[in-house]
Amino acid sequence: MADYDVVVIGAGNGGLTAALSLARSGVKTLLLERHNVPGGCATTFVRGRFEMEVALHQLSGMGTDSVAGPLRGLLKGLGVMDKLEFVEQQNLYRLVIPEAFDITLKANRVEIEKTLSARFPQEKDGIKKFFDMLYTFCTQMISILYMHDPEARPEKYPLFYTYALKDAQGVIDQYLKDPYLQAAVNMYWGYAGLPPSKLSFSDFAIMLFAYIEFKPYHIKGGSQALSNAILDTFLEAAGDVRFNCGVKKIVIADNKVRSVITEDGDEISTQYVVSNAGPVPTFIDMIGPENCPAEQLKKLGARTIGPSAFTIYMGLDRDPADLGIDVTTNFICSNSNMEQGYAKWHTLDKPEYSLLSCYDIDDPDCSPPGACQCSLVNLVYGDPWLAMDPHQYYDFKYRYAAAMLELADKVFPGFSSHIEECEVASPLTHIRYLGHPGGSIYGSDQWPKESSMFLNSRSMIEGLFFAGAWNGSGGFQPTLESGGSVAKIIAKELGY
């Protein structure tokens, strides 16, 4: 008899929800995590008098009690909603191109259309048609992919079948012309890690739709509160967890999972493994290419590593209002050319695209009185950083951070002079803490073929499944939902 029905590798978002879903179904489950805290990207850390948020900027998919979003339904079903406090954010974001363009969009469709139409009156008709199309498209997408309409066909859902795999830029071009207007509408492309010309319209559309309809949210206590709540509920459901316990090997025999061997040398027998660690560490490091089906390795070789991030975590000695900050989420760009901004991610050039988040706008309790905390993020690929001369790393790291702060100071004069606590994380930092190839925060590049429409959580090895950003879309909502989805499949196979 196996020691456990399921072993879950990695306590990131997908691993946590998979483990909890399984345990609540009665499945004997062990969760293994090589770090000393749960969460992966969903964590916080303390510097001085500030508890810094690592990765969560805006939680999507929550909705309200009366109009619940899919993530609210998942968390409620997992029994963790009563352990958490959520704060609804009033704005989607502010976009600033210094000395050129500045606009703030509310988290409300009517207000968004009104704001955009007032700023671009010559495109009022196109703006309305764009959002009408967006909402119709997303309604059709939900019916097909989430409601699983058995009668789905092009005649019934023509908009979805026409635009689903088109690039976002091409679709936007049909409705909106002014480059600043396009920039104002498509800024969430950074949340997917690909520019509009390469991002599938379906991924872009459902993301924008979800933030408008289900609102962006902040979690009191940061994302660590969410990870802790899921872990606590997992333990209450008789789940077992080991921290500081990485997996060295997944034992395969006859193309079937047999056991896992920890870095401490313990062998734990199991029928199933859910890996939240990603396919490269799982197939190459833990299983070994010699034990993998050739077709599995071929598919793995066709994937490309997605972007990592360069992040400055800051505690400041002023209230947000004193710094001129009145919106939580601020996209700061040097120009409206998103393609140019994306191209910089592949280099060590001065950044042209940053996201400044100030959590105290919606949650004044986030920092001590008279202070606030912010993060300044620029997405970058890990390769240029890995190729850097180690002797140059620290000097270049802080010069790069200084260039990002210069961009922030253009929008919020004097901002950097009020930094009390500061921690800087490069792609190498993310490699160290996440263990992901290239320090990727979204898994593979989110090409259309990497979406949940085409990826399967079940591998070609019997009993091996995947959860998390490497098995579909990145971000909090998709990765949390991925764990619940894979748990349902395994629980059903086990007869629970």
Mind checking which residues of region 42-98 are surrounded by 19 or more Cβ atoms within 10 Å (Cβ to Cβ) and of a type in the set (D, E, K, R)? Glu53, Arg72, Arg94
With the condition kept exactly as written, say whether any residue in region 280-294 is assigned to a strand (DSSP E or B), touching a strand residue (DSSP E or B) at 6+ places or on another chain (Cβ under 6 Å) and open to solvent by 50 Å² or more (accessible area, probe 1.4 Å). no
Looking at region 241-264, which of its residues are surrounded by fewer than 17 Cβ atoms within 10 Å (Cβ to Cβ), in a strand (DSSP E or B) and of a type outside the set (Lys, Arg)? Ala253, Ile261
Does region 468-483 include one or more residues that are surrounded by fewer than 22 Cβ atoms within 10 Å (Cβ to Cβ) and outside any helix (DSSP H, G or I)? no
Restricting attention to region 454-467, report how many residues are open to solvent by 30 Å² or more (accessible area, probe 1.4 Å) and touching a strand residue (DSSP E or B) at 6+ places or on another chain (Cβ under 9 Å). 4
So, in region 127-151, of the ones that are crowded, with 20+ Cβ neighbours inside 10 Å and touching a residue at least 24 places away in the same chain (Cβ under 8 Å), which residue ends up farthest from the chain's Cα centre (by Cα)? Ile127
Reported set for region 445-461 where residues are assigned to a loop (DSSP other than H, G, I, E, B) and either within 18 Å of the chain's Cα centre (by Cα) or polar (S, T, N, Q) (or both) is Asp445, Gln446, Trp447, Ser451, Ser452, Met453, Leu455, Asn456, Ser457, Ser459
Residue hits (region 265-275; in contact with a Phe, Trp or Tyr (Cβ under 9 Å, 6 or more places away or on another chain) and open to solvent by 20 Å² or more (accessible area, probe 1.4 Å)) are Ser269, Gln271, Tyr272
Filter result (small (Gly, Ala, Ser), assigned to a loop (DSSP other than H, G, I, E, B) and either open to solvent by 10 Å² or more (accessible area, probe 1.4 Å) or within 20 Å of Thr44 (Cα to Cα) (or both)) within region 193-240: Ser197, Gly221, Gly222, Ala237, Ala238
The residue from Gly438, Gly484 that alone is touching a His at 6+ places or on another chain (Cβ under 9 Å), over 30 Å from Ala100 (Cβ atoms) and touching a residue at least 40 places away in the same chain (Cβ under 8 Å) is Gly438
Given the criteria open to solvent by 40 Å² or more (accessible area, probe 1.4 Å) and at pLDDT below 95, does Asp383 qualify? no
Residues that are farther than 28 Å from Met404 by Cβ, part of a helix (DSSP H, G or I) and under 24 Å from the mean Cα position of the chain (by Cα): does region 86-101 have at least one? no
Among (1) aliphatic (A, V, I, L, M); (2) open to solvent by less than 40 Å² (accessible area, probe 1.4 Å); (3) out of contact with any Phe, Trp or Tyr (no Cβ under 6 Å at 6 or more places or on another chain), the one test that Ala118 misses: (2)
Check on Gly190, small (Gly, Ala, Ser) and on the phi > 0 side of the Ramachandran plot: no
Across region 152-177, the tally of residues that are in a helix (DSSP H, G or I), of a type in the set (A, V, I, L, M) and more than 22 Å from the chain's Cα centre (by Cα) stands at 3
Restricting region 325-356 to residues that are of a type in the set (Gly, Ala, Ser) and closer than 19 Å to Pro413 by Cβ, the residue that is surrounded by the most Cβ atoms within 10 Å (Cβ to Cβ): Ser354
Is it the case that some residue within region 311-324 is part of a loop (DSSP other than H, G, I, E, B), within 23 Å of the chain's Cα centre (by Cα) and either surrounded by fewer than 22 Cβ atoms within 10 Å (Cβ to Cβ) or touching a residue at least 40 places away in the same chain (Cβ under 8 Å) (or both)? no
Matching residues in region 14-41 - criterion: being over 22 Å from Cys422 (Cα atoms), surrounded by 24 or more Cβ atoms within 10 Å (Cβ to Cβ) and under 21 Å from the mean Cα position of the chain (by Cα): Gly14, Gly15, Leu16, Thr17, Ala18, Ala19, Leu20, Ser21, Glu33, Pro38
Selection status of Gly26, of a type in the set (Gly, Ala, Ser), in contact (Cβ under 8 Å) with a residue 40 or more places away in the chain and more than 17 Å from Val486 (Cβ to Cβ): no
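The values are calculated or read from the model by the stated rules, or taken from the named source; none is laboratory data. Predicted, not measured: the structure shown is a model, and the values here were computed from it. Note that each Cβ is placed from the backbone with ideal geometry, even for glycine, and that neighbours are counted across all protein chains shown. Side chains are part of the model used for accessible areas, which takes the heavy atoms of the whole protein and leaves out ligands, DNA and RNA. Shrake-Rupley method; radii C 1.70, N 1.55, O 1.52, S 1.80 Å.
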